[in-house]
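Below is the structure I would like to discuss, written out as structure tokens.
The values are calculated or read from the model by the stated rules, or taken from the named source; none is laboratory data. No experiment lies behind these values; they were computed from the predicted model shown. Note that each Cβ is placed from the backbone with ideal geometry, even for glycine, and that neighbours are counted across all protein chains shown. Each accessible area value is taken on the protein alone, full model and side chains, heavy atoms only, with ligands, DNA and RNA left out. Shrake-Rupley method; radii C 1.70, N 1.55, O 1.52, S 1.80 Å.
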Amino acid sequence: MVMDDSAAAMETAGSATDRAATELTVGIVGLGLIGGSLGLDLRRRGYRVLGVSRKAVTCDRAVERGAADEASIELSSLAPADVIILCTPLNVLGKTVEQLRPHLNPETVLTDVGSVKAPIVEEIEPLWPNFVGGHPMAGTTEQGIDAALLDLFQDRPYVLTPTEKTPAGAVERVQELAIALGSKTYICPPDEHDRAVAWISHLPVMVSTSLFQACRREETPAVRKLAQQLASSGFRDTSRVGGGNPELGLLMARYNRDALLASLASYRDSLGQVISLIESEDWDGVEATLRQGAEERPLFL
Ligand code: NAP
């Protein structure tokens with residue numbers, strides 16, 4: 001299920017060409033954690049970055065932080081951009097493209113950073129043929145322009161999900177940017193991306209939040225308080241990914257519903273197996289399960 005095991009996935013790495021860094025103007029829509037971090041990195045690598053966000057205060061802060069050369073609330077300001085990276089929440093990506101397209105020339109390459117790909121590609125491809133679905137796989141539990149970080153994408157996967165209709169030149173252009181960020185690029189079909197990230201990103205968010213919900217239901221106040229006082233690195237690690245931006249988690253579930261439900265059902269089966277092993281005091285079975293996880297996890301990662 002890991003992307004680089006997929007027959008369709010291709011991995012590349014390398015460094016950006018000087019030509020790309022000096023000549024390209026990159027537009028970014030949505031100057032939050034991901035859009036702001038992309039802007040910081042791309043400007044440092046010599047690209048001219050034009051930003052657009054919903055709030056004027058966010059635009060001012062993005063310029064102040066060095067995440068954009070210029071920023072505005074007007075999508076028309078992106079007319080000179082060669083490549084535009086859409087970094088708004090999943091549910092406004094399509095609407096953004098509809099509002100953006102009267103201002104663009106047909107050569108402009110559009111890409112997005114949405115965490116789910118199939119429904120987004122299906123929505124945007126008919127609106128703008130020069131579009132490549134993308135997903136830089138990096139983040140933190142924070143949000144907004146003040147959470148933007150330099151080098152967020154360094155050594156992290158950056159997935160591109162072209163279809164048979166995507167122009168090869170558009171894929172190359174976006175791949176150049178991803179490589180300039182220091183990312184490892186992977187190419188796979190949108191639905192394979194969605195099934196893979198259901199396992200390694202969306203399922204962990206739901207498992208992590210369920211873990212926290214279960215723990216907070218402890219009925220004896222003294223035990224609950226003690227658990228809180230004793231919670232250390234193990235609980236911190238396992239509950240961390242469920243404690244991020246709720247809007248992002250909700251949109252992942254809405255947009256990747258089928259793949260997420262399939263991975264949750266499989267997880268419920270795994271949990272059920274562990275419960276029956278412990279109920280029946282099958283300690284060999286418990287040990288075998290734990291041993292398999294300990295042996296295979298490092299290979300998987
Ligand atoms: P975020 O920090 O909340 O940033 C999104 C920004 O978009 C907000 O700061 C907001 O700026 C702006 N925005 C919202 N609606 C807009 C609109 N209609 N027009 C223009 N700007 C708008 O969220 P994020 O974590 O960067 O996520 C953005 C995208 O990245 C999502 O599609 C998500 O799936 C994807 N992604 C997230 C992660 C992650 O771990 N966080 C990882 C990979 C990909 P204002 O302040 O101007 O309102």
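Report the far tail of the P(r) of the stretch 254-301, meaning the percent of Cα-Cα pairs longer than 11 Å.
72
Per residue, how large is the accessible surface of the stretch 2-188? Use a 1.4 angstrom probe and give square angstrom.
The answer is 42 Å² per residue.
Would you work out which of 38, 181, 51 lies farthest towards the positive end of the dipole of the chain? Charges go on Cβ: Lys and Arg +1, Asp and Glu -1.
Of the listed residues, the answer is 51.
Which whole-percent values make up P(r) of the stretch 2-188 when all C-alpha to C-alpha distances are grouped in 10 Å steps starting at zero?
Answer for the stretch 2-188: a P(r) of 10, 42, 39, 9, 0 percent.
Using a cut-off of 20 Å between alpha-carbon atoms, which lysines can reach residue 165, once sequence neighbours fewer than 8 places away in the same chain are excluded?
117
Return a whole-number percent for the relative contact order of the stretch 193-300, with Cα pairs under 8 Å and 6 or more residues apart as the contact set.
Relative contact order, the stretch 193-300: 35 percent.
In addition: Roughly how big is the chain's charge dipole about its Cα centre, with Cβ charges of +1 (Lys, Arg) and -1 (Asp, Glu), in debye to the nearest 20?
So the magnitude is around 920 debye.
Summarise the accessible area of the stretch 193-300 (1.4 Å probe, protein heavy atoms) by the percent that is carbon and sulfur.
Result for the stretch 193-300: 57 percent of the exposed heavy-atom area is carbon or sulfur.
Right, something else. From Cα pairs below 8 angstrom and at least 6 apart in sequence, can you work out the relative contact order of the chain, rounded to a whole percent?
Rounded, it is 18 percent for the chain.
Pull up all non-local amide H partners of residue 27: gap of 5 or more, or a different chain, and H-to-H distance under 5 Å with H placed in the peptide plane.
Correct list: 50, 82, 83, 84, 85.
What dipole magnitude, in Debye to the nearest 20, does the stretch 101-227 give about its Cα centre under +1 on Lys/Arg Cβ and -1 on Asp/Glu Cβ?
Computed charge dipole of the stretch 101-227: roughly 500 debye.
When the gyration tensor of the stretch 193-300 is built from Cα positions, what are the square roots of 5 times its three eigenvalues, in whole Å, from largest to smallest?
Taking √(5λ) for each eigenvalue gives 24, 22, 14 Å, largest first.
Based on alpha-carbon centroids, what's the gap between the stretch 189-251 and the stretch 65-114 in Å, whole number please?
33
With θ set to phi - 60°, apply the Karplus curve 6.51 cos²θ - 1.76 cosθ + 1.60 along the stretch 66-74 and write out the HN-Hα couplings as whole Hz, x wherever there is a Gly or Pro.
x, 8, 8, 6, 9, 9, 8, 8, 9
What angle, in degrees between 0 and 90 and rounded to the nearest 10, separates the Cα long axis of helix 203-216 from the longest principal axis of the Cα atoms of the chain?
With both axes taken from Cα atoms, the answer is about 50 degrees.
For the chain, the longest stretch holding no GluC sites (Glu not before Pro) located in a DSSP loop with at most 15 other Cβ atoms within 10 Å is which?
With a cap of 15 other Cβ atoms within 10 Å, the longest stretch comes to 1-73.
Using Cα atoms only, what is the angle between the long axis of helix 56-65 and the major principal axis of the chain, expressed in degrees (0 to 90) to the nearest 10?
Helix 56-65 sits roughly 90 degrees off the main axis of the chain.
Round to a whole number: what % of the accessible area of the stretch 2-188 belongs to carbon and sulfur, probe 1.4 Å?
For the stretch 2-188, the apolar C and S fraction of the accessible surface comes to 49 percent.
Looking at the stretch 104-177, which trypsin sites (Lys or Arg not before Pro) are DSSP coil and have at most 16 other C-beta atoms within 10 Å of their C-beta?
The qualifying sites are 165.
So, in nm, how far is label residue 276 from label residue 45 when the simple model puts each one 7 Å beyond its Cα toward the Cβ?
The modelled label-to-label distance comes out at 5.0 nm.
Something else: Test of understanding: express the Cα radius of gyration of the stretch 103-221 as a ratio to 2.2 N^0.38 Å, with N the residue count.
1.29
Karplus couplings for the stretch 27-34 from phi (6.51 cos²θ - 1.76 cosθ + 1.60, θ = phi - 60°), rounded to Hz, Gly and Pro as x?
Once rounded to whole Hz, the list reads x, 10, 10, x, 8, x, 3, 6.
Could you give the length gained by full extension between residue 220 and residue 258, i.e. 0.36 nm per residue of separation minus their alpha carbon distance, to one decimal place?
Separation in residues times 0.36 nm, less the Cα-Cα distance, equals 10.0 nm.
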